[in-house]
1. If the requirement is being over 25 Å from residue 189 (Cβ atoms), within 15 Å of the ligand (Cβ to nearest atom) and within 18 Å of the chain's Cα centre (by Cα), which of these qualifies: 160, 124, 120?
2. Tell me whether segment 162-169 contains one or more residues that are within 25 Å of residue 120 (Cα to Cα) and surrounded by 14 or more Cβ atoms within 10 Å (Cβ to Cβ).
3. Working only within segment 87-111, note down all residues that are in contact with a helix residue (DSSP H, G or I) (Cβ under 6 Å, 6 or more places away or on another chain) and either assigned to a loop (DSSP other than H, G, I, E, B) or within 27 Å of residue 250 (Cα to Cα) (or both).
4. Inside segment 356-404, can you point out the residues that are closer than 27 Å to residue 320 by Cβ and touching a strand residue (DSSP E or B) at 6+ places or on another chain (Cβ under 6 Å)?
5. Out of the residues in segment 26-36 meeting the condition of being without any contact (Cβ under 8 Å) to a residue 60 or more places away in the chain and either in contact with a helix residue (DSSP H, G or I) (Cβ under 8 Å, 6 or more places away or on another chain) or part of a loop (DSSP other than H, G, I, E, B) (or both), tell me which one is farthest from residue 379 (Cα to Cα).
6. For segment 88-116, enumerate the residues that are touching a strand residue (DSSP E or B) at 6+ places or on another chain (Cβ under 8 Å) and surrounded by fewer than 21 Cβ atoms within 10 Å (Cβ to Cβ).
7. Among the numbered criteria (1) surrounded by fewer than 17 Cβ atoms within 10 Å (Cβ to Cβ); (2) without any contact (Cβ under 8 Å) to a residue 12 or more places away in the chain; (3) assigned to a helix (DSSP H, G or I), which one does residue 293 miss?
8. Within segment 57-71, track down each residue that is under 15 Å from residue 307 (Cβ atoms) and surrounded by fewer than 24 Cβ atoms within 10 Å (Cβ to Cβ).
Ligand SMILES: Cc1ncc(COP(=O)(O)O)c(C=O)c1O
């Protein structure tokens, strides 16, 4: 399936570019901590559809997709065309632009019960803004989160696993953590809060917490408790929006007060978004006295939103169902074949990940070993081993990917037993 190399200008030695003190000019040799997979990295030089080429000329199956962003694969012609047209007319302006309205309309038509939206430049910024809106709307500071989740890198949400270096300890007093799916503890936190909770934030399929879905009853209870106690429910769909036209909250049938999005809605360009109910989002209306400011020099820039609108046009219910079904098949077969090795494959729809059976957390060295075992077999996973399917993939590509992943896990499990 993967062909011989047809690109590149030879291996790069970017990590060897050092400053006067002999240190790599990107700390650790990386531009993002999430690139770290425990050995000197390879470099991506080109992508096309589900294929990615590295700087040694190796052709790979791109199951990373820039951390689940590239749902239409690399350089999809319609998205390239939309982005190119936007760039050719000027990449960013300081007065409003029309493409922003197109993406806003596309999003609002997909998200049941939510009437208004603002764009940001990342999922991190979207979550940070949603929390600020919730705090301003309620006049409270408390934030409830499920343990070990991930909602980006702003101060409050970095505390999902407890205190975090660099986050002021003062931030901790406003954060309550609840074990995933522990309804009793969720109730206890709200009852004990003395009405100080501004919002509960939920990711319905938290990858960092083991890619175990939130129970329907837990999500429904979060919705009910937020309403009862005058707090807002924020559902973080930065990853999970890809799972249905209306996101995972649409499948659950739960309407949040605020929903955060990112990744797939930018067609491969930097983006994030906060969507919400009119009564909540009205707080951002600068025509109103005392409104809450939300800006960002590149928020809603015409390139990201034009690419995003093209990506959503291509992301029909049929295409989502097709890649979700490919994911179901892959997960079922891989789990069955990996059972004798004591591993399983979890996830939902087009997202999956291999775990030692029952494990919620995987040690970093095992995670890195699996990443390299997959890479050596021609598959690029995310550094946390998450695989994300894309619409250019068909059944034969996914079957090939699954074979390689099974072989990688078998290798790692033999090496560690
Ligand atoms: C659930 C969730 N929320 C927020 C974020 C942060 O998004 P970004 O990396 O675009 O800042 C991520 C990133 O992976 C995420 O998975």
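1. Working: 160 fails: over 25 Å from residue 189 (Cβ atoms); 124 fails: over 25 Å from residue 189 (Cβ atoms).
Answer to the check: 120.
2. Start the filter on segment 162-169 by keeping residues that are within 25 Å of residue 120 (Cα to Cα), which leaves 164, 166-168.
Of the ones still in play, those that are also surrounded by 14 or more Cβ atoms within 10 Å (Cβ to Cβ) are 164, 167.
So far as segment 162-169 goes, yes, one or more of its residues are within 25 Å of residue 120 (Cα to Cα) and surrounded by 14 or more Cβ atoms within 10 Å (Cβ to Cβ).
3. Initially, segment 87-111 is screened for residues in contact with a helix residue (DSSP H, G or I) (Cβ under 6 Å, 6 or more places away or on another chain), giving 87, 91, 97, 99-100, 102-103, 106.
Result: 91, 97, 99, 100, 102, 103, 106.
4. 378, 379, 380, 381, 385, 386, 387, 388, 392, 401, 404
5. Going residue by residue through segment 26-36, those that are without any contact (Cβ under 8 Å) to a residue 60 or more places away in the chain are 26-33.
After this cut, where a residue has to be either in contact with a helix residue (DSSP H, G or I) (Cβ under 8 Å, 6 or more places away or on another chain) or part of a loop (DSSP other than H, G, I, E, B) (or both) as well, the list is 26, 29-32.
Details: 26: 26, 29: 22, 30: 21, 31: 21, 32: 20 Å.
Ranking the candidates gives 26 first.
6. Step one: of segment 88-116, the residues touching a strand residue (DSSP E or B) at 6+ places or on another chain (Cβ under 8 Å) are 100, 103-104, 107-108, 111, 114-116.
Once the filter is applied, which keeps residues that are touching a strand residue (DSSP E or B) at 6+ places or on another chain (Cβ under 8 Å) and surrounded by fewer than 21 Cβ atoms within 10 Å (Cβ to Cβ), segment 88-116 yields 104, 108, 115, 116.
7. (3)
8. Step one: of segment 57-71, the residues under 15 Å from residue 307 (Cβ atoms) are 65-66, 69-71.
Answer for segment 57-71, where residues must be under 15 Å from residue 307 (Cβ atoms) and surrounded by fewer than 24 Cβ atoms within 10 Å (Cβ to Cβ): just 66.
The values are calculated or read from the model by the stated rules, or taken from the named source; none is laboratory data. Remember, predicted model here, so these are calculated numbers, not experimental data. Quick reminder, even Gly has a Cβ in these numbers, built from the backbone with ideal geometry, and neighbours come from all protein chains shown.
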